[in-house]
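J.: One structure follows; several queries about it will come next.
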């Protein structure tokens, strides 16, 4: 991704729903969950919107990084409890969907959101203006990095509504903080403040509430103007490291490193180092 202009042109993203807003500026795609009156609780249209735009952004040469955030005072409160209650009562009174159909539908939605974000080939940043609860916490943890407002907090929330958890939260949390702390977060259902998120490594940065949007954009733009090909290889290496043995990881690193060494970005960075100047990356 080439270095951006000082006054970037903003391009809107057609998500197919008003519940998910999107735009591209300065090499950064920003997706905003947009149900502020429900604390951005998840909705079928949000899943469909993310399922539609994430694959498009993954191959869009104008996009070098992605920010996922929420409108208003929350990132995402997780599932829509009111809708869940209505659905549960309806299913109890009727045959409802089969167990197998329910599992298949949830697997589809998890793959559309958490799996795609985790495996996204560009740097992803979750910007948390406030509450990140239940599936909202899981989705925030699926991103590479998290920048949070001082008033933000995380909450597993599942036990409160008699759920066990979804969207990969148990896996992401265990990877980030270890099994013992992950069990505490899920079983005890206590709020994790912004300062505690930072201490545990769940947040990368904490900023004043009023500065969150600008700080997230600036941080994402720094990745978008960086060596995006190398970032993609780094992410592939890091994903592989969560599931493969050392020799498999070494083999993967050898392939990625050799490929990165042949990029225009590497040649430009090496030349800039010798010339004592800032490199101008092109993303190729």
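Rule-based calculations on the coordinates, nothing more; no lab input. Just so we're clear, the structure is a prediction, and the values are computed from it rather than from any experiment. Ideal geometry is used to build each Cβ from the backbone, glycine not excepted, and the neighbour counts take in all protein chains shown.
J.: Considering each residue of region 118-144, count those that are buried (at least 24 other Cβ atoms within 10 Å of the Cβ) and over 21 Å from residue 39 (Cα atoms), and give that number.
T.: Matching residues across region 118-144 total 3.
J.: I've got another one for you. Among the residues of region 91-120, write down those that are within 22 Å of residue 70 (Cα to Cα) and assigned to a loop (DSSP other than H, G, I, E, B).
T.: Listed by number, the residues that qualify are 119, 120.
J.: Every residue in region 223-255 that is touching a helix residue (DSSP H, G or I) at 6+ places or on another chain (Cβ under 7 Å), assigned to a helix (DSSP H, G or I) and buried (at least 19 other Cβ atoms within 10 Å of the Cβ), please.
T.: 223, 229, 230, 231, 233
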